[in-house]
8 protein chains.
Amino acid sequence: MSFRVYLSGEIHTDWREQIISGCSSMDIIFSSPVTDHGASDDCGVDILGSEPNKFWHDHKGAKINAIRTRKAISDADIVIVRFGEKYKQWNAAFDAGYASALGKSLIIMHSAEHQHALKEVDAVALAVVETPEEIVRIMNYVMNGTLL
Amino acid sequence: MSFRVYLSGEIHTDWREQIISGCSSMDIIFSSPVTDHGASDDCGVDILGSEPNKFWHDHKGAKINAIRTRKAISDADIVIVRFGEKYKQWNAAFDAGYASALGKSLIIMHSAEHQHALKEVDAVALAVVETPEEIVRIMNYVMNGTLL
Amino acid sequence: MSFRVYLSGEIHTDWREQIISGCSSMDIIFSSPVTDHGASDDCGVDILGSEPNKFWHDHKGAKINAIRTRKAISDADIVIVRFGEKYKQWNAAFDAGYASALGKSLIIMHSAEHQHALKEVDAVALAVVETPEEIVRIMNYVMNGTLL
Amino acid sequence: MSFRVYLSGEIHTDWREQIISGCSSMDIIFSSPVTDHGASDDCGVDILGSEPNKFWHDHKGAKINAIRTRKAISDADIVIVRFGEKYKQWNAAFDAGYASALGKSLIIMHSAEHQHALKEVDAVALAVVETPEEIVRIMNYVMNGTLL
Amino acid sequence: MSFRVYLSGEIHTDWREQIISGCSSMDIIFSSPVTDHGASDDCGVDILGSEPNKFWHDHKGAKINAIRTRKAISDADIVIVRFGEKYKQWNAAFDAGYASALGKSLIIMHSAEHQHALKEVDAVALAVVETPEEIVRIMNYVMNGTLL
Amino acid sequence: MSFRVYLSGEIHTDWREQIISGCSSMDIIFSSPVTDHGASDDCGVDILGSEPNKFWHDHKGAKINAIRTRKAISDADIVIVRFGEKYKQWNAAFDAGYASALGKSLIIMHSAEHQHALKEVDAVALAVVETPEEIVRIMNYVMNGTLL
Amino acid sequence: MSFRVYLSGEIHTDWREQIISGCSSMDIIFSSPVTDHGASDDCGVDILGSEPNKFWHDHKGAKINAIRTRKAISDADIVIVRFGEKYKQWNAAFDAGYASALGKSLIIMHSAEHQHALKEVDAVALAVVETPEEIVRIMNYVMNGTLL
Amino acid sequence: MSFRVYLSGEIHTDWREQIISGCSSMDIIFSSPVTDHGASDDCGVDILGSEPNKFWHDHKGAKINAIRTRKAISDADIVIVRFGEKYKQWNAAFDAGYASALGKSLIIMHSAEHQHALKEVDAVALAVVETPEEIVRIMNYVMNGTLL
């Protein structure tokens, strides 16, 4: 059994590396958005030309990033979305909604503090976790049928 | 030409009433989530029995609300999502992602302040507006072909 | 807001009538399988000719019943499945699986006794209830936004 | 020609091993749910934390198991569902309904005793069998075109 | 409960009229291909200009007829296909395959003589009948739940 | 039998009026893009604010127009696309491709002069015509089965 | 570029071998139904037990054959259907309809004699041919862009 | 991460070679229509027999070309469409519409001169570029997350 897993959301901590490292012995292909914040923000104008208006500056970048994220979500069996402590993170919630409508298995990761605000997102998840370790254990169980 | 429009997001101002009133002469069927905050939060435990754990309290409510919102989004031609000034509003972004994956036409309403944080959501919208008046003018143009 | 609701499962008590009666003031179109047990079992051979082998006797009937149930499930916004106290009721669980794969909103009704055996079915439901009254209250909330 | 086959249902006898062994020379990728009963029941609380209420205990586990079974059913060309002599086995009937709605080829295995109770499930199957040997012969015929 | 039924196949006897007349008290919308043989054969060249080559003569007509038949099959809940005693009737079998892939409920009508030649078509039908009367009885049972 | 027909393409002659008038006795609901050239070009900036860059000026307008055209094409049974004598008319060809991928029945109208350039578009059409009169005759045949 | 091609229809001549041999240097995976006439007719009763009624004898066999043919058609990029000189060949026309509804590219092969009877099937084909050589040339052109 | 990219449109300059060469170190599978103009125009009559009427001459060729292009667009993650300086290029706009309806990521390449005429096509693109170099940079960013 092999899985494709997309890691969406917060880009300021090393949660992706912890999951990928913890699952290194499993047959999983991981994908992620571009996590270089500067490149992600400026890719549009850097490649396609500058924009005086911030709206179009961001618009061009968001669309180029969508080429990667749409493909990765469409290909995924599981979409894991992490909500961090800061920022609005509306793109993370957007990804969760998008993945849900495509019928992907969702795992949501956040601290207890955000529980109430994320209740609609959690309600469609197959698991709600707080730590990367829980995700590693879920993936191991799902793929190997054993509880580490 | 008739349209079905779902009004998602912020529930603390009267933006829905402004749009519905402004479009009263057009052949549009509007739908919304339950906007009574207390009922929306407690419907699960009120009907299905109380839960000592807040997570399951919210879980039961979020799922009952989903019976209404899924139906309304699926039936809609256009999904309008308003992001207000306060709160995380992750359910609004989730609805936007869900509607986008279903191929619905999206209109996003928010103040300039949230422009950068909403860039991925705005990038899939067919219009990004700040006021209900703009939405009324869009609906009039789309349905009647005239610029009021 | 109007809904189409399919009432699947147990046919030996009047739970359907209780729900339909309790929702009489709401804009809901209900549908059900044929609940006349004898007609349901024998429709195949009665119309298409007798079969010496019980397997084909049942096969002919099950397929004619499927003309009605497939249409009703496909048209439904909500599928309510009741598991009664007796019998295997595999067709009820089959309907739940079928409806789930089509993305329908599921409400499951059963007594506490069957909780463990129905855990996979309950896990995809948007509400798990024990009584018709709970369903009437859910439908009222979903359609009118009020908690009776 | 290669096939993907999902083996759903009863976990107390070695029917899966008999089929896999009988088909060992064919180009088939088999998948199954987790068949360790204890792990399957407790995976949710073991990984995500205990629950005082049995409903949520089971709910958490059923959802984690769904990550594996949904993927396996979605990927399958053929879904084989075995109903054993005991228990309600509603998850087996649910899987059959789910697979049917996705258009998968279904093979159902059960003893003659359950024929009438399974008539709706049998009616959508492409073959109804009693033994693993029959399934091995079907797979050989389907893949090689010969009758062993 | 209302149904849409498409009547495909043989155009030389009055089987359509018998069914429509027998179901006159039921809420069914029937549709059919154009059954005027001459118009059906010549519609292409009559409207779009003559063709010296019979292949293109027929091609133009078949495509114009497809505007009607595709719409009618797509809209139908049930597709009834009758195979008569004469001719190749490949378009009838084509319609059956087309409807089957769209998940429509199929009823096939033919005399015993064609049983072996139609086994693949019959195998996907929910009922195989010989007479219009049987179809009237099926529709009455499916819609009213009674065996006339 | 009733049809929904979308009239795409050239906006400088009265071909739409000729078709609608010729079909006035038939049960057809026609829809069209906004055909007021000025409004169509400027709707974006008129409602959402001016843009110094012509690309974004047009971008805003094209997206608002898409709210109408996507809905109309999705709802249509038949999409009729007329290519006129002048201009690039890439939006007409785009609509034809879009409608084709959605499985709509296509009718293409153009003069003989454009035959070679439109060969890929014509190849997916169910009819290729030169005049509105031919379309009126096709619609009459498709709906009434008679050749006027 | 690689293709999957399903070869449906007539089983009494060596047209499949001619095509496979002619395309031996191309990256094509061919599939076919079981072409051993006796095995194809009797697989159902041979594996699942005899039936006194010919209808169920054929029914069991047709369903087991469907496990193979549905998978092969679903996986195919191109479905080639040959109509031979004899027999009703309704399963060939059924396959063509089934493949057409799934959006597969169809190539139809038959002699001129059957042109009129096959006009509806030919009308959805991307090529209508008389000989295996034409198909080899089409496949070479489609894959290599050259006219042998 | 690997991508499949279809290169549609203008065939008179070496833009395809520039992109393929610039992306040679990336894991991309490129596909294209047949770009030999003569073969593309005449493949139909060359293989299937000559036609006195130019319409059917082109019709046969366009359909054989569609076997290749449909497959390539369906398989693609990204469809890049280039509009050149000359000709109507309606097939390019048709491909863009077709790809858009299938949910493919679109990149459109054209000179500034065609901006207004292509506004509806540009409006659905995730990037609008003028040169192959921009596309190489986009692909590098999308796949590697770096801005060359």
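The values are calculated or read from the model by the stated rules, or taken from the named source; none is laboratory data. Computed from a predicted model, the values in this text were never measured in an experiment. All Cβ positions, glycine included, derive from the backbone under ideal geometry; neighbour counts span all protein chains shown.
Assorted remarks:
- Here is the figure for region G:26-41: residues that are in contact with a strand residue (DSSP E or B) (Cβ under 6 Å, 6 or more places away or on another chain) and either within 18 Å of residue G:66 (Cβ to Cβ) or among the small types (Gly, Ala, Ser) (or both) total 2.
Residue-by-condition table, conditions (1) part of a strand (DSSP E or B); (2) of a type in the set (Val, Ile, Thr):
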| position | (1), (2) |
| --- | --- |
| E:7 | yes, no |
| E:11 | no, yes |
| E:17 | no, no |
| E:24 | no, no |
| E:38 | no, no |
| E:44 | no, no |
| E:67 | no, yes |
| E:71 | no, no |
| E:96 | no, no |
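- Scanning region C:5-47 for residues that are crowded, with 17+ Cβ neighbours inside 10 Å, farther than 29 Å from residue G:49 by Cβ and not hydrophobic (A, V, I, L, M, F, W, C) yields a count of 9.
- The condition of being under 28 Å from residue A:59 (Cα atoms), out of contact with any Cys (no Cβ under 6 Å at 6 or more places or on another chain), part of a helix (DSSP H, G or I) and charged (D, E, K, R) does not hold for residue B:85.
- Inter-residue pairs, beta-carbon under 9 Å, first more than 7 Å from chain G (Cβ to nearest Cβ) and within 12 Å of residue E:76 (Cβ to Cβ) and in region E:88-106, second among the aromatic types (Phe, Trp, Tyr) and buried (at least 24 other Cβ atoms within 10 Å of the Cβ), 6+ apart: E:99/E:6; E:104/E:6; E:104/E:98
- Going through (1) within 12 Å of chain B (Cβ to nearest Cβ); (2) within 29 Å of residue H:5 (Cβ to Cβ); (3) not acidic (Asp, Glu) one by one, residue A:76 falls short only on (1).
- Members of region E:5-20 that are under 18 Å from residue E:125 (Cβ atoms) and among the acidic types (Asp, Glu): E:10
- Odd one out for residue E:84 among (1) crowded, with 23+ Cβ neighbours inside 10 Å; (2) in contact with a His (Cβ under 7 Å, 6 or more places away or on another chain): (1)
- The residue pairs whose first member lies in region C:31-42 and is under 16 Å from residue C:92 (Cβ atoms), whose second member is hydroxyl-bearing (Ser, Thr, Tyr) and in a helix (DSSP H, G or I), and whose beta carbons are closer than 6 Å, counting only pairs six or more residues apart or on different chains, are C:33/C:69; C:34/C:40.
- Residue pairs whose Cβ atoms lie under 6 Å apart, separated by 6 or more positions or on different chains, with the first residue in region B:120-148 and under 13 Å from residue F:60 (Cα atoms) and in contact (Cβ under 8 Å) with a residue 24 or more places away in the chain and the second part of a helix (DSSP H, G or I) and polar (S, T, N, Q), are B:124/B:100.
- Filter result (among the β-branched types (Val, Ile, Thr), within 16 Å of residue F:143 (Cα to Cα) and within 14 Å of chain G (Cβ to nearest Cβ)) within region E:22-47: E:34
- Checked against (1) in contact (Cβ under 8 Å) with a residue 40 or more places away in the chain; (2) under 21 Å from residue A:13 (Cα atoms); (3) within 13 Å of chain B (Cβ to nearest Cβ), residue A:109 meets all criteria but (3).
- Every condition in (1) surrounded by fewer than 22 Cβ atoms within 10 Å (Cβ to Cβ); (2) touching a Pro at 6+ places or on another chain (Cβ under 9 Å) holds for residue D:56 except the one numbered (2).
- Here residue C:64 passes the criteria (1) farther than 11 Å from residue D:94 by Cβ; (2) surrounded by 24 or more Cβ atoms within 10 Å (Cβ to Cβ); (3) in contact with a Lys or Arg (Cβ under 8 Å, 6 or more places away or on another chain); (4) within 11 Å of chain D (Cβ to nearest Cβ) except the one numbered (3).
- Verdict on residue E:50 being surrounded by fewer than 23 Cβ atoms within 10 Å (Cβ to Cβ) and either modelled with pLDDT under 95 or more than 11 Å from chain G (Cβ to nearest Cβ) (or both): yes
- Considering the conditions (1) closer than 20 Å to residue D:69 by Cα; (2) not in a loop (DSSP other than H, G, I, E, B), residue A:120 is excluded by exactly one of them, (1).
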